[in-house]
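Structure record follows, encoded as structure tokens.
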Amino acid sequence: MSLHKMLFSGLKLWTSGRSRWMCGLHEGRNRRGNASFSSCGPKVCIVGGGPAGFYTAQHLIKARQDVEVDIYERLPVPFGLVRFGVAPDHPEVKNVINTFTQTAKHSRCSFYGNVNVGKDVSVEELQQAYHAVVLSYGAEGNRSMGVPGEDLAGVYSAKDFVGWYNGLPSCRELSPDLSCETAVIMGQGNVALDVARVLLAPLDMLKKTDITQPALEALSESQVRRVLIVGRRGPMQVACTIKEVREMVNLPNARPQMVAADFEGVTEALKDLPRPRKRLTELMLKTALEIPGEKERERRNEASHVWGFRFFRSPVEILADPDRNRAAGIRLAVNRLEDSGEGARAVLTGEVEDVPCGLVVSSIGYKSLPIDPSVPFDSRKAIVPNNMGRVQQAAGLYCSGWVKTGPTGVIATTLNNSFDTARSVMEDLDAGALDVSAAKSGSQSISALLEKRGVKPVTFSDWEKIDSVEMKRGEATGKPREKLLTVEEMLQAAHR
């Protein structure tokens with residue numbers, strides 16, 4: 001071997017050995033608890049501990065063996081809408097928590113709850129500490145109906161109503177008045193049907209779920225006997241899925257009540273519909289127009305609760321009681337459709353109708369809010385403007401979940417959307433668009449900042465203490481869990 005080659009191969013051995021020694025030194029110092037960087041791999045920070053955050057983390061960890069991921073969550077508890085959005089009588093949907101737990105317990109993943117990004121720590125500070133920052137903080141705002149009377153007592157957003165019965169700390173004081181006979185839900189998506197089902201479900205059904213105790217007590221006193229689920233378009237444009245409609249049709253002690261005229265021309269249009277939409281429409285048609293068999297007729301006759309879809313209606317105004325204190329009804333505009341199928345548009349006819357009701361729940365969608373002045377935000381679309389998850393004009397900044405797309409789809413949709421963002425991060429790492437040659441401090445410098453600011457993060461093992469307390473409380477009443485309802489109670493359980 002020539003002297004030149006010997007020197008070159010020796011240099012290669014020395015440099016690779018030195019870099020391994022440097023990484024080992026960092027890791028060794030870190031194990032002894034000194035301020036250092038835990039490894040020489042890319043450090044990625046995820047803002048938001050809901051489905052989008054966990055799916056993004058899962059994909060990043062699987063895709064690359066040296067990446068380290070830290071998840072920051074505003075609340076002391078993880079899982080976002082899986083905990084606070086999924087209906088209590090749908091426990092099977094919450095099984096995804098098992099996958100998220102595996103991700104959180106991975107050696108290259110850390111969870112930090114009780115950290116409010118944008119308040120306790122800025123996005124710019126995170127960008128200094130990490131090679132990449134992924135915003136996955138969801139949609140915690142409400143889309144408003146934009147009609148007079150919307151601020152009257154008795155009018156609630158579905159997000160807050162769902163948060164109330166699911167134990168979201170900010171909705172604990174909601175205490176909705178359920179003393180009226182008729183409730184109107186504006187919107188015909190799955191969340192609207194969840195709310196309708198919870199309002200009408202027999203208490204024995206709900207007692208076996210993780211619905212909060214205050215909600216259970218309020219529902220036991222509820223006078224609501226009739227729920228109308230109102231949409232601006234027709235039966236072929238409803239946003240819910242067949243599973244949720246079937247649950248309503250079979251709900252014990254409740255009978256469907258539809259308007260036959262709403263289904264004019266629907267039978268003829270069935271043949272052109274895609275299969276999922278066709279099956280859903282057939283179920284609604286059957287429920288609305290077919291005479292049920294003897295057993296079902298008997299069941300419906302005995303039911304003391306009523307529910308129904310109302311189509312081609314848009315809200316115009318919430319009508320107040322004589323004292324103008326609270327909602328006493330809703331004025332609806334009557335619509336007709338222009339065009340057909342998914343693209344059909346609702347056009348006003350000039351007619352209106354008034355529906356007496358004491359409870360109005362607006363279920364027309366969640367919306368994301370800006371998190372930090374340094375982050376671009378499209379307030380019209382209520383999203384962070386992005387291209388395949390890459391935030392526009394912000395190198396090293398990404399987004400996934402509803403803050404990326406708007407509030408659409410189910411958990412599986414969020415999975416695909418999060419994987420796409422993780423793929424963009426990976427591509428940028430591989431292409432050198434993200435400079436990983438400079439070591440980053442990651443959670444160490446952020447933890448020091450938080451400590452200085454009096455913020456005590458909740459780790460995943462701290463969350464497991466909260467989890468254990470909730471499960472024990474649930475066991476005592478025959479429920480899967482009894483949730484802690486305040487941040488203070490959560491922190492007390494976490495740090496005991």
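The values are calculated or read from the model by the stated rules, or taken from the named source; none is laboratory data. As the structure is a prediction and not an experimental result, all values here were calculated from the model. When we count neighbours, we look across all protein chains shown, and the Cβ atoms used for this are built from the backbone with ideal geometry, even at glycine. We work out accessible area using only protein heavy atoms, side chains counted, and drop any ligands, DNA or RNA first. Shrake-Rupley method; radii C 1.70, N 1.55, O 1.52, S 1.80 Å.
Put simply, the amide H of Ser340, placed in the peptide plane, has no neighbours under 5 Å, leaving out anything fewer than 5 places away on its chain. If you take the square roots of the eigenvalues of the alpha-carbon gyration tensor of segment 38-129 and sort them as a ≥ b ≥ c, do you get rounded (a/c under 1.5), prolate (a/b over b/c) or oblate? Because a/c hits 1.5 or more and a/b fails to exceed b/c, segment 38-129 counts as oblate. When DSSP beta bridges are restricted to pairs lying wholly in the chain, around 40% turn out antiparallel. In deg cm²/dmol and to the nearest 500, what is the mean residue ellipticity at 222 nm of the chain if only DSSP H runs of at least 4 residues count, each as -39500 (n - 2.57), divided by the residue total? Dividing the helical sum by the residues of the chain leaves -11500 deg cm²/dmol. Placing dummy labels 7 Å off each Cα toward the beta-carbon, the span from Glu92 to Arg345 is 4.0 nm.
For the pair Leu369 and Thr267, label points projected 7 Å from Cα toward Cβ lie 5.0 nm apart. Might you report the magnitude of the Cβ-based charge dipole of segment 187-311 about its Cα centre, with Lys and Arg at +1 and Asp and Glu at -1, to the nearest 20 debye? Taking the Cα centre of segment 187-311 as origin, the dipole is about 280 debye.
Stretching Gln65 away from Glu217 to a fully extended chain increases their span by 49.8 nm, per 0.36 nm per residue minus the current alpha-carbon distance.
Under the convention that each Lys and Arg Cβ holds +1 and each Asp and Glu Cβ holds -1, the size of the dipole of the chain around its Cα centre is about 1700 debye. Since only Phe111, Gly343, Ser122 are under comparison, the one whose Cα sits farthest along the positive direction of the charge dipole of the chain, derived from C-beta charges on Lys, Arg, Asp and Glu, is Phe111. Quick one: grab the alpha carbon gyration tensor of segment 298-353, order the square roots of its eigenvalues as a ≥ b ≥ c, and give me rounded if a/c is under 1.5, else prolate or oblate depending on whether a/b is larger than b/c. The shape class here is oblate. Karplus-based coupling profile of segment 144-161, in residue order and whole Hz: 8, 6, x, 10, x, x, 5, 8, 5, 4, x, 10, 9, 7, 4, 4, 6, 5, with θ = phi - 60° in 6.51 cos²θ - 1.76 cosθ + 1.60 and x standing for Gly or Pro. For the Cα atoms of the chain, what angle does the longest principal axis make with the long axis of helix 51-63, in degrees from 0 to 90, nearest 10? That helix lies at roughly 40 degrees to the long axis.
Quick one: ranking Thr408, Thr103 by accessible area, 1.4 Å probe, largest first, what do you get? Walk me through the numbers on the way to the answer.
Working: Thr408 75, Thr103 10 Å².
Sorted by accessible area, descending: Thr408, Thr103.
Figure the gain on full extension for Arg275 and Lys381 (residue separation times 0.36 nm, minus the Cα-Cα span) and round it to one decimal in nm.
On the way: separation 106, 0.36 × 106 = 38.16 nm, distance 3.02 nm.
Here the segment from Arg275 to Lys381 would lengthen by 35.1 nm.
A crude spin-label estimate for the pair Glu290 and Thr413, with each label 7 Å from Cα along the Cβ direction, gives 2.9 nm. Taking the C-alpha atoms only, the angle from helix 443-452 to the longest principal axis of the chain is near 70 degrees. Using R₀ = 25 Å, calculate the FRET efficiency as 1/(1 + (r/R₀)^6) where r is the Cβ-Cβ separation of Gln128 and Glu427; round to 0.05. After rounding, the FRET efficiency stands at 0.60. Protection proxy ranking, highest mean first, for peptides 424-432, 165-173: 165-173, 424-432, where packing is the per-residue count of other beta-carbon atoms within 10 Å, averaged. Backbone amide hydrogens, once placed in the peptide plane, bring Ala328 within less than 5 Å of Leu319, Ala320, Asp321, excluding anything fewer than 5 places away on its chain. If R0 equals 51 Å, the separation of the Cβ atoms of Val355 and Met388 corresponds to a calculated FRET efficiency of about 0.70.
Provide the per residue accessible area, probe 1.4 Å, for segment 140-229, rounded to a whole number of square angstrom. If you can, show how the numbers build up before the last one.
Values: 3330 Å² over 90 residues.
Averaged over the residues of segment 140-229, the accessible area is 37 Å².
Packing, as the average of other Cβ atoms within 10 Å across residues, places the peptides 412-420, 484-492 in the order 412-420, 484-492, highest first. Helix 3-31 and the longest principal axis of the Cα set of the chain meet at an angle near 50°. Near the amide H of Ile46, within less than 5 Å, lie the amide hydrogens of Asp70, Ile71, Tyr72, Val134, all on another chain or at least 5 residues away, with H placed in the peptide plane. Judged by the mean number of other Cβ atoms found within 10 Å, the most tightly packed of the peptides 447-458, 134-145 leads the ranking 134-145, 447-458.
Our analysis of the chain gives Rg over Rh at 1.05, with the two radii drawn from alpha carbon positions and Rh computed by the Kirkwood formula.
Going by a ≥ b ≥ c, the root eigenvalues of the Cα gyration tensor, does segment 402-496 fall in the rounded group (a/c under 1.5), the prolate group (a/b larger than b/c) or the oblate group? Intermediate results must be reported in sequence, preceding the final value.
On the way: a/c = 3.08, a/b = 1.46, b/c = 2.12.
It comes out oblate by the Cα gyration axes.
Stretched out straight at 0.36 nm per residue, the stretch from Gln102 to Asp160 would grow longer than its current Cα-Cα span by 17.9 nm.
Net charge dipole, segment 308-351: roughly 120 debye, given to the nearest 20, about the Cα centre with Cβ charges of +1 for Lys and Arg and -1 for Asp and Glu.
Put the Cα centre of segment 102-143 next to the Cα centre of segment 333-403 and the gap is 24 Å.
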